[in-house]
Every structure is written in structure tokens, then in C-alpha cells.
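Beneath this line is the structure, given in C-alpha cells, with notes to follow.
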Ligand SMILES: Nc1ncnc2c1ncn2[C@@H]1O[C@H](COP(=O)(O)OP(=O)(O)OP(=O)(O)O)[C@@H](O)[C@H]1O
Ligand SMILES: [Mg+2]
């Protein structure tokens, strides 16, 4: 484990989010305190409606908190930025563009212009095209590059969304249940690929999931959220399993099973009751 892993990269300080609704104010999140180190893989887990997407949107800069601060690389998050790429819960592809074009769009926005911040020069069309193809290949979609979203399955659409985010080589990868719509085998394959990619890119990842095994397999930290309204972080579980991790070897590893049980206890014993609202 490198020293840089312990450094603060993403800081969430006293964050609350209240939505204005027709029935009055709805407090979705309260008192969120979280620090994520550079290169750390953090998952957010909690029951449906507890505010996981709300928190991810705040980190993405798509919404502003009602209270508190969010800081990335010592700068306040005031809006979206190329260093924070998002994979949305509902893939959000542009339906009139092909898979290739959907990914290319993001690549062009980041690499099609020079950046004073990290001293990059503008890449040419051949380089942008190569980046786009490489990202599609990474998620196993080269064969569908020139199909439109309406012509591919839900799982494939989700993979285009992942390719688009990865192709932008972000410092922080924010993912909202990226594998939720996939069958178990594809899901396992993409989880393994994600582990390989993150080991190479050292990206900091914040990922929302409902899946306990996925959370334990991938994470350095599992952030377990209480039920809403006014949800907050109930507990943060550090997953101290050596990397690289193999799902086959972990299947009967007592430490893995212990972490798994801790998350299940939190979700189904301590936070079993989901309020209707
Ligand atoms: N724009 C909004 N206006 C009003 N209420 C909202 C808004 N966005 C979210 N909420 C409410 O805030 C709560 C948290 O929503 P959020 O989408 O963050 O949950 P989630 O944990 O991502 O759920 P799921 O697992 O089902 O995706 C819910 O009660 C939701 O109805
Ligand atoms: Mg959600």
C-alpha cells in the first residue's frame, strides 16, 4: 500500500441536502462526513432511496449541497469537471449517436483541447479515435461501435457509459450502480476488468452499489448509509484484503466472509426497516 493512499483527496464536510418538493422540504442527506484518499476505491451501499445517487451527484458537482463543503484536490467542487467522470445509473447515452460517437464526444471534450492545468497539448483526430476504440475494446464492445443505443441491449448500453467515462482518463471515477443492469456473468467479468483498470490507472473511485459481494470484492472502504429521510453514514468498513484480489480465492476466505457478514448485518439487521415516503 503506497503512502499516497492515505492522503486526503476528496473531502466531504458536514454536507446536507434538502430538496424542495410540492409537499414541502424533503431532507435527503444530513451531516455527511467522508474523506477519500487518492487511489482509494470506495463504495456507497444502502437501501433504495437512502440518498446514494444524491451524494454521488454532489461529488460530481451536478448539484450543490444545502449545507457543507465538498473538496477535490484541495479545490471546492462548484460544478462538473473533466477530472471527475460519471457513469450514471441509467446509462444516459445520446440516442441519435452511435456507441463510438457517444464515447468520442467525451474523449474530444477532454483530449481535443490543450490543458494548461496538466500541460497537455491538443490531440489530433487519429489519436482521439484510437482512444475511443481502445475504451470500447476494454468493455468488449468493438463489434457494436457503430450501432446506436436503440440497437443494443441494456447491459451493452451500460458498458458504453463505462467506456465513455474510462476513455476520459479521469482522476476520479464516479459510478452509480454501473453493473446493476447486467447479468451475473457479464457483471463478474466487468468487475474483474475494473479491478485491473484501476490497478493500472490508480484512479480514485466512488461507486454506488446494492451488491454486498461486489462491495467487498472491489473496495478499500465500504460506506454504509442509514435509511432516509435524512440519511447519513452509519458506518465505514475498511476492507483490508490484499490485492490483486481473486473472486475464486476469496469465496471461502474467512476474512472476506467476515466483511460480507458485517455488511449484511448492517443492511438487514440494523437498517432493516425502510420507511415509506
Ligand atoms: N430532485 C429531487 N427532488 C426531490 N426529492 C428527491 C430528488 N432527488 C432525490 N430525491 C429523494 O431523495 C431520496 C434519495 O434519493 P436517491 O436517488 O439519492 O436514492 P438512492 O439511494 O440512489 O436510491 P436507489 O438505490 O433506488 O437508486 C429519495 O427519497 C428521493 O425520492
Ligand atoms: Mg440511486
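Observations on the structure shown:
- The GNM of the chain, with springs linking C-alpha atoms under 10 angstrom apart, assigns the highest mean-square fluctuation among 51, 24, 180 to 24.
- Helix axis angle, 254-265 relative to the chain longest principal axis, alpha carbon, degrees: 70 degrees
- Where a label projected 7 Å from the Cα of residue 142 along Cα→Cβ would reach, residues of the range 163-177 with amide N under 11 Å: none
- Residue 33-residue 153 FRET efficiency (beta carbon distance; Förster radius 41 Å; 0.05 resolution): 0.55
- Averaging the Cα positions of each part gives two centres, and for the range 70-118 and the range 147-220 these lie 15 Å apart.
- Cα→Cβ-extended label distance, 7 Å offset, between residue 248 and residue 196, nm: 1.5 nm
- Computed from Cα atoms, the angle from the helix 154-167 axis to the main principal axis of the chain rounds to 80 degrees.
- Helical runs (DSSP H, four residues minimum) scored at -39500 (n - 2.57) apiece and divided by the length of the chain put the mean residue ellipticity at 222 nm at -10000 deg cm²/dmol.
- Label positions at residue 7 and residue 272, each projected 7 Å from the Cα along the C-beta direction, are separated by 4.6 nm.
- In degrees, nearest ten, helix 184-201 long axis to first principal axis of the chain (Cα): 80 degrees
- Length-normalised contact order of the chain in % [C-alpha pairs under 8 Å, at least 6 apart]: 24 percent
- Listed residues 111, 266, 19, most fluctuating in the chain (Gaussian network, C-alpha, under 10 Å): 19
- Most mobile listed residue (200, 186, 66) in the chain, GNM with C-alpha springs under 10 Å: 200
- In plain terms, the residue of 177, 76, 137, 83 with the fewest other Cβ atoms within 10 Å comes first and the most crowded comes last, giving 76, 137, 83, 177.
Values quoted throughout were computed directly from the atomic coordinates according to the rules given, and no laboratory measurement underlies them. The shown structure was predicted, so the numbers you read here are calculated from the model rather than taken from an experiment. Cβ atoms come from the backbone with ideal geometry, glycine included; neighbour counts cover every protein chain shown.
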